[in-house]
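Student: Below you will find the structure I want to go over with you.
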Amino acid sequence: MLKKNDIFLTKSTLCFASPCMITKVVVVVAEIMSDGDISNAREAVLKPSCELPEDTLKIRGYDFNQGVDLQAVMDSFITTGFQASSLGLAIQEINQMIEKRLEPMEEGEGKETDEYRSKAGCTIFLGYTSNLISSGIRESIRYLAEHKMVDVIVTTAGGIEEDFIKCMGNTYLGDFNLSGKELRLKAINRIGNLLVPNDNYCKFEDWLMPILDQMLLEQNEQVGLSNKEIVCLLHAAQSYEMTVQSSKLFFNRAATNDYFPDLLNCQSFMNKKIIKIYIPVFQSPRCL
């Protein structure tokens with residue numbers, strides 16, 4: 001036999017029940033609920049829906065009975081729901097950027113003397129962190145830069161040095177849950193579920209240290225080297241086909257993060273002299 005408290009609990013959860021379930025609940029408790037309570041419950045659960053705007057997208061996924069059509073699958077993301085719809089919106093935004101970029105710049109817009117300004121209808125910036133270069137996304141970023149599909153790259157020192165390191169050794173697939181202690185004993189570094197042998201960083205150090213020695217000789221005693229000069233020296237010294245090398249313009253505001261400052265510190269300790277780095281208020285480095 002239901003008690004008053006049971007009825008109170010049932011009423012408090014009515015909004016989460018299906019119409020069929022709430023009808024059964026109302027029938028069971030009808031004898032001990034007032035007519036007003038039953039009416040309120042029905043109004044709360046069986047409330048008629050408002051009309052949605054006509055342009056509201058209807059959820060529908062791709063029907064593979066129509067065959068495997070990659071473009072159609074990607075087009076269907078936006079009406080799939082959940083994260084797929086977010087990806088679909090991102091694809092739409094990128095397509096709008098590409099369409100705008102194909103439009104010529106309006107007459108009189110910008111200055112002809114500005115060598116860094118895009119001559120297209122818009123300038124596309126691509127920003128990424130170093131872990132994306134460590135992953136297979138590096139090849140996608142490199143493709144975009146190589147084929148001039150982005151105008152400006154914005155990254156950190158880690159995003160540049162990892163580009164070099166990927167050219168010197170392989171990165172392997174691991175697991176997010178691997179023991180850091182055990183990996184350290186094996187001289188294996190973990191970036192998420194990526195495994196990077198310590199040998200890769202040793203190769204990078206062997207290659208970079210002579211360049212840092214040269215930087216120390218070339219730096220202006222009063223000013224030091226800029227991010228632009230440092231990265232250009234690194235590019236000039238390498239023989240690899242890199243991501244940033246393929247970009248005509250890039251910004252790097254964090255020259256002393258990741259592994260690079262560790263090597264700077266070692267170089268300063270061994271030479272009893274530091275490499276000074278200055279960062280201008282605005283910087284447009286172009287190395288190629």
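The values are calculated or read from the model by the stated rules, or taken from the named source; none is laboratory data. Remember, it's a predicted structure, so these values are computed and weren't measured experimentally. All Cβ positions, even for glycine, are placed from backbone atoms using ideal geometry, and neighbour counts span all protein chains on display.
Student: Within the stretch 131-157, restricting attention to residues that are surrounded by 21 or more Cβ atoms within 10 Å (Cβ to Cβ) and closer than 17 Å to Asn200 by Cα, which residue is modelled with the lowest pLDDT?
Tutor: It comes out as Ala157.
Student: Do we find a residue being modelled with pLDDT under 90 and more than 30 Å from Phe176 (Cβ to Cβ) anywhere in the stretch 76-95?
Tutor: There is no residue in the stretch 76-95 that is modelled with pLDDT under 90 and more than 30 Å from Phe176 (Cβ to Cβ).
Student: Do any residues in the stretch 90-109 that are within 14 Å of Val150 (Cβ to Cβ) have Cβ atoms under 7 Å from those of residues that are at pLDDT 85 or above and surrounded by 12 or more Cβ atoms within 10 Å (Cβ to Cβ), where the two are at least six apart or on different chains, and which pairs are they?
Tutor: Met97/Ile124; Arg101/Ile124
Student: Additional query: What's the number of the condition Cys167 fails, among (1) modelled with pLDDT under 90; (2) not in a helix (DSSP H, G or I)?
Tutor: So Cys167 meets the others, but not (2).
Student: Would you mind telling me which numbered condition in (1) surrounded by 10 or more Cβ atoms within 10 Å (Cβ to Cβ); (2) modelled with pLDDT under 95; (3) of a type in the set (A, V, I, L, M) Leu52 fails?
Tutor: (1)
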